[in-house]
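Encoded as structure tokens, the structure appears first; notes follow it.
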Amino acid sequence: MNEKLKIAVQKSGRLSEKSLELLKECGIKLPGGNGKLKTEAKNFPVEVLFLRDDDIPQYVEQGVADVGILGENEVWEKKKNVSTVEKLGFAGCRMSLAIPKDEEYTGLSFFNGKKVATSYPSILSDFFAKNGIRVEIEEIGGSVEIAPGIGLADAIFDIVSTGSTLLMNGLKEVEVIVESEAVLIANSKLGEEKKSILDRLVFRIKSVLRASENKYITLNAPLSAVPEITALLPGMKSPTIVPLAEEGWCGIHSVVREDEFWDIIDRMKKLGAEGILVIPIEKMIL
Ligand code: ATP
Ligand code: MG
């Protein structure tokens with residue numbers, strides 16, 4: 001039938017560029033052209049729809065789009081019947097409660113009887129209900145951080161990444177409720193053909209994400225240090241060891257996780273490793 005998987009991405013905003021970049025890294029070529037509602041890939045059976053992020057959960061539930069890329073925060077807020085397929089590792093942020101900076105914070109009970117402004121009423125009311133705290137929630141569409149200053153609310157619940165917006169508005173962050181990042185969601189009743197396209201897409205996404213978390217390293221080491229150096233290296237199987245022209249030495253190639261990387265390099269240098277090269281990995285297929 002030659003079906004295409006319809007992917008919803010944010011039309012313009014913080015997620016747009018990264019979402020398209022991820023698809024590109026997955027080898028999906030999309031024709032350029034701004035302001036379009038949709039576009040089709042030439043080399044992979046997908047069609048990309050450009051939508052407001054708030055609308056993506058609903059469209060995916062209804063099947064207008066088959067899958068979507070958006071912040072987990074919108075998925076939680078909208079409570080639509082969709083499944084979260086994969087965390088995508090970008091657009092990380094936290095959702096926090098903030099109060100005017102001169103108020104003394106006494107713990108969650110501070111909020112009892114208070115009015116809290118937010119664009120995420122559903123996440124917030126679930127949170128307070130779970131904690132047995134009674135608050136009045138004032139739903140506003142945007143610029144939530146100005147609400148206390150204009151006398152609309154006593155506190156706010158909003159997305160925070162650096163905290164500078166809060167500071168500028170005389171607020172302080174007092175509770176982090178949840179952490180969010182971009183995710184891939186899917187309609188829960190995809191047909192076989194679309195499911196198999198989604199599987200291929202997820203396979204590619206995983207390879208791209210894994211690659212960005214790892215580095216390829218090569219180094220030279222005295223043969224006597226090989227057992228200790230290889231013990232430091234996880235690699236995909238075991239490290240590759242190649243002979244060098246200079247006697248008593250070998251080259252070692254391996255893959256190291258970005259977060260363990262500096263620690264491993266320090267220890268290898270102490271064991272006599274030299275000429276260490278670190279190379280980014282484009283794709284990592286397991
Ligand atoms: P739209 O017009 O599509 O509704 P929007 O204004 O709701 O866009 P953006 O501000 O572009 O949305 O943010 C999109 C998503 O980016 C958020 O839902 C959140 O998941 C994530 N995000 C990451 N950091 C931040 C931040 N500092 N402020 C707001 N959103 C952030
Ligand atoms: Mg939005």
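With a ≥ b ≥ c taken as the square roots of the eigenvalues of the C-alpha gyration tensor of the chain, please select rounded if a/c is under 1.5 and otherwise prolate if a/b is larger than b/c or oblate if it is not? Oblate, since a/c reaches 1.5 and b/c is not below a/b. With the cut-off at under 18 Å, measuring from each backbone N in the stretch 67-109 to a point 7 Å along the Cα-to-Cβ line of Leu152 picks out 96-101. The residues packed around Glu104, meaning those with a beta-carbon under 14 Å from its beta-carbon, carry a net charge of 0 if Lys and Arg are +1 and Asp and Glu are -1. Averaged per residue, the chain has 54 square angstrom of accessible surface, using a 1.4 angstrom probe with ligands and nucleic acids left out.
The C-alpha atoms of the chain define a longest principal axis, and helix 121-130 lies at about 90 degrees to it. What separates the Cα centres of the stretch 142-209 and the stretch 81-132 is a distance of 12 Å.
Summing +1 for each Lys or Arg and -1 for each Asp or Glu among the other residues whose beta-carbon sits under 13 angstrom from that of Lys194 gives -1. Here is the link list: Lys80/Lys283; Lys29/Lys189; Lys24/Lys194. Which ones come out longer than 24 Å on Cα distance? Exceeds cut-off: Lys80/Lys283; Lys29/Lys189.
When you count the other C-beta atoms within 10 angstrom of each residue and take the mean per peptide, 238-250, 68-80 line up highest first as 68-80, 238-250. Does the stretch 214-280 come out rounded, prolate or oblate by the C-alpha gyration tensor, with a ≥ b ≥ c the root eigenvalues, rounded set by a/c under 1.5 and, if not, prolate when a/b is larger than b/c and oblate if not? Verdict is prolate for the stretch 214-280. Nearest 0.05, what FRET efficiency do Lys195 and Lys29 give at R0 = 22 Å with Cβ-Cβ as r? The computed FRET efficiency comes out at 0.45. Rounded to the nearest 10 degrees, the angle from helix 261-270 to the longest Cα principal axis of the chain is 30 degrees.
The alpha-carbon of Lys101 sits under 17 angstrom from the alpha-carbons of these lysines, leaving out residues fewer than 8 places away in its chain: Lys114, Lys115, Lys172. Let a ≥ b ≥ c be the square roots of the eigenvalues of the Cα gyration tensor of the stretch 158-286; is it rounded (a/c under 1.5), or, if not, prolate (a/b larger than b/c) or oblate? Note, shape of the stretch 158-286 comes out oblate.
With 27 Å as the limit on Cα-Cα distance, the pairs of Lys42/Lys206; Lys130/Lys206; Lys6/Lys206 that go past it are Lys130/Lys206. Summing Lys and Arg as +1 and Asp and Glu as -1 over all other residues whose Cβ lies under 13 Å from the Cβ of Ile137 gives a net charge of -4. Only beta bridges with both residues in the stretch 1-151 are counted; by DSSP, about 20 percent of them are antiparallel.
For the stretch 7-159, give the percent of accessible area contributed by carbon and sulfur heavy atoms, probe 1.4 Å, rounded to a whole number.
About 46 percent, which is the carbon plus sulfur part of the accessible surface.
Helix 16-25 and the longest principal axis of the C-alpha atoms of the chain enclose an angle of approximately 30°.
The values are calculated or read from the model by the stated rules, or taken from the named source; none is laboratory data. Here the structure is a predicted model, which means the values were calculated and not measured. Counting neighbours? That spans all protein chains shown, and the Cβs are built from the backbone with ideal geometry, glycine included. Side chains are part of the model used for accessible areas, which takes the heavy atoms of the whole protein and leaves out ligands, DNA and RNA. Shrake-Rupley method; radii C 1.70, N 1.55, O 1.52, S 1.80 Å.
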